[in-house]
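Participant: One structure is given below, represented as structure tokens, and several questions about it will come after.
Read-outs: derived from the displayed coordinates by stated rules, not from any lab. A quick note: this is a predicted structure, and the numbers were derived from the prediction, not measured.
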Amino acid sequence: MENWKDDILSSMKGADRADVPAGAFHKIEQQIKAQKQKQLSPMRWLAVAASISAVVIGNLFFIMNYEQESTSVASDDAYPALVTDFNIYGNE
């Protein structure tokens, strides 16, 4: 049962070491420099800012309208038949 470890370790005997290609390091450095040079243009930043602003303004508009609707629905005058027929608020 313990021989499988030795078999795996001995399977690499006689194998050559991996060789690095001749300009690999230089190619990696060039790719890193190219990635650093790629930046978002000012027009893209403007589009991102406009999108975020539109979402925030839409949310504020929705919240303000929701508060106005909820206060008008919750008033006693909105459903006088319920108040009088079912005596919800203890009125006669």
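Participant: May I ask you to compute the full-extension gain from residue 7 to residue 41, defined as 0.36 nm times their residue separation minus their alpha-carbon distance, rounded to one decimal in nm?
Facilitator: 6.5 nm
Participant: Check the straight Cα-Cα distances from residue 36 and name the lysines below 18 Å, setting aside those fewer than 8 residues away within the same chain.
Facilitator: 27
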